[in-house]
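Each remark here refers to the structure printed beneath this line.
Each value in this text was obtained by applying a stated rule to the coordinates, not by laboratory testing. As the structure is a prediction and not an experimental result, all values here were calculated from the model. Here the Cβ is made from the backbone with ideal geometry for all residues, glycine too, and neighbour counts use every protein chain on show.
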Amino acid sequence: MGLATEGATASLNFAFQTLNLAEVVSFTSIHNLKSAAVMQRLGMKRDERTFAHPSVPHDHWLSEHSVYRLSAPRQSV
């Protein structure tokens, strides 16, 4: 139904407009393709490198995570 994308869009608007953050970073398991698709729809770009999540046992299939980033939109003068 698009609720994840809608909620994430509202969170990004809050982060950039209210909190004035320069960047938002998100992460998910490399196997969570639906979350990755939401981040990509939002315009987030995936870092090349992955990392082992410290709260997941290193030998667990969900251990490896990817990072996505989105910079704040530039303000026009």
Would you grab the residues whose amide H sits under 5 Å from the one on LEU21? Only those 5+ places off in sequence or on another chain, please, with H modelled 1.01 Å from N. PHE16
Using the Karplus curve 6.51 cos²θ - 1.76 cosθ + 1.60 with θ = phi - 60°, work out ³J(HN,Hα) for each residue of segment 45-50 in order, rounded to whole Hz, and write x for Gly and Pro. 10, 7, 5, 5, 8, 10
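What is the gain in length, in nm to one decimal, between GLU6 and HIS58 on full extension, counting 0.36 nm per residue of separation less the C-alpha to C-alpha distance?
Value of the extension gain: 15.5 nm.
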Taking the Cα of GLU23, stepping 7 Å toward and past its beta carbon, and measuring to each backbone N in segment 41-77: which are under 13 Å? 45-49, 67-72
